[in-house]
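J.: Mind looking over this structure? Questions follow.
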Amino acid sequence: MPSHYETKILQALGEHADGLTTMNVAEKADISKTTALKYLATLRAERRIDYIEVGPAKLWRLTPLEKAEKKHASTSRTQKIESALKEFKESVGLEGSAVVDNDGLTISADLPGDVEPEKMGGLISRLLQISTESASMARMDSLKGIIIEGEKGRIVARNGGNVLLIAFCGLDTPLGTIKLEIEDFADRINEILA
């Protein structure tokens, strides 16, 4: 069953068959742009909506009902992803984790403190794109992921094919364990999304 915000977004898109930009969705649904981005990513992961690119903007619209009904299982993909994300976080002892699509939209996140999932997903996605371009220029094999280390912890980002996985951990969390588990987790998320 869709959440309150998802219902508002679906109603707004239902009234505009040609589609709406992210800003228009936020205005029509009377929600913030950040909230709109979060729920647009969730609805897209469930294949209930999609977008087309028109210049620099994304034009969001409903998918055909037949297509959405076939692809929407009794337990939603979002719930399965959130469950897997929680298991991943607990099994490795992470401070937070997130799943982001290839466009930088956050599908699901459980991040520490006041970290904004949409901003973090977009920034890490862009950082991985830049790193991939750098690896290509250096004639390295394809880039699998990046590790950002600060004084208080690490961010480990892994390119998982259709998704980008992000893990937040302390400096005492074994990096080898994270790297092994994040690969298994990527496989699980891709199975859920397939």
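J.: Quick one: in segment 84-187, what % of C-alpha pairs are over 23 Å apart? If you can, show how the numbers build up before the last one.
T.: Values: 1049 of 5356 pairs.
In whole percent, the long-distance tail amounts to 20.
J.: Quick one: of LYS8/LYS89; LYS86/LYS152; LYS38/LYS86, which pairs are farther than 27 Å apart, Cα to Cα?
T.: On the way: LYS8/LYS89 31 Å; LYS86/LYS152 22 Å; LYS38/LYS86 18 Å.
Violating the 27 Å Cα-Cα cut-off are LYS8/LYS89.
J.: Separate question: Which percent of Cα-Cα pairs in segment 4-71 sits in each 5 Å bin, short to long?
T.: 4, 19, 32, 28, 13, 4, 0
J.: So, one more: When the helix-only estimate is applied to the chain (DSSP H runs of n ≥ 4, each -39,500 (n - 2.57), divided by the residue count), what is the mean residue ellipticity at 222 nm, nearest 500 deg cm²/dmol? Write down the numbers at each step before the final one.
T.: Working: 7 runs with 95 residues, N = 194.
Theoretical 222 nm ellipticity from helices: -15500 deg cm²/dmol.
J.: Still on this structure, I have one more. Determine, from the Cβ-Cβ distance of LEU143 and GLU87 and an R0 of 22 Å, the FRET efficiency 1/(1 + (r/R0)^6), rounded to the nearest 0.05.
T.: Numbers: r = 26 Å, r/R0 = 1.19.
It comes to 0.25.
J.: Tell me, in nm to one decimal, what length is gained between GLU53 and GLU183 on full extension, where the rule is 0.36 nm per residue of separation less the Cα-Cα distance? Could the numbers behind the result be given before it?
T.: Details: separation 130, 0.36 × 130 = 46.80 nm, distance 3.05 nm.
So the extension gain works out to 43.8 nm.
J.: Report, in cubic angstrom per residue, the convex hull volume of the C-alpha atoms of the chain. Each step should come with its number before you reach the end.
T.: Working: hull volume 25.7 nm³, N = 194.
Dividing the Cα hull volume of the chain by its residues yields 133 Å³.
J.: Subtract the Cα-Cα distance of MET23 and SER3 from 0.36 nm times their separation in residues, and report this length gain in nm to one decimal.
T.: Values: separation 20, 0.36 × 20 = 7.20 nm, distance 1.97 nm.
Fully extending the segment from MET23 to SER3 adds 5.2 nm.
J.: Can you tell me the order of 81-88, 40-47 when each peptide is scored by its average per-residue count of other Cβ atoms within 10 angstrom, highest first? Could the numbers behind the result be given before it?
T.: Numbers: 81-88: 18.0, 40-47: 22.5.
Final packing ranking: 40-47, 81-88.
J.: How far, in degrees from 0 to 90, does helix 4-14 lean away from the longest principal axis of the Cα atoms of the chain, to the nearest 10?
T.: So the helix axis and the longest Cα principal axis differ by about 50 degrees.
J.: Something else: Can you compute the charge dipole magnitude of segment 4-71 about its Cα centre, using +1 on each Lys and Arg Cβ and -1 on each Asp and Glu Cβ, nothing else charged? Give it in debye, rounded to the nearest 20. Can you show the working numbers first?
T.: On the way: 12 positive and 10 negative charges, 48 e Å.
In debye, rounded to 20, segment 4-71 gives about 240.
J.: Sticking with this structure for a sec: Full extension from ALA194 to ASP103: what is 0.36 nm times the residue separation minus their Cα-Cα distance, to one decimal in nm? Mind showing how you got there, number by number?
T.: Numbers: separation 91, 0.36 × 91 = 32.76 nm, distance 1.72 nm.
So the chain would gain 31.0 nm between ALA194 and ASP103.
J.: Please identify the GluC sites (Glu not before Pro) of segment 102-191 that satisfy two criteria: DSSP loop assignment and at most 11 other Cβ atoms within 10 Å. Which are they?
T.: Details: sites: GLU118, GLU133, GLU149, GLU151, GLU181, GLU183, GLU191; in loops: GLU151.
The qualifying sites are GLU151.
Readers should treat all values here as calculations from the given coordinates under stated rules, not as data from a laboratory. Nothing here was measured: the structure is a model prediction, and the numbers come from that model. Heads up, the Cβs are rebuilt from the backbone with ideal geometry, glycines too, and the neighbour counts pull from every protein chain shown.
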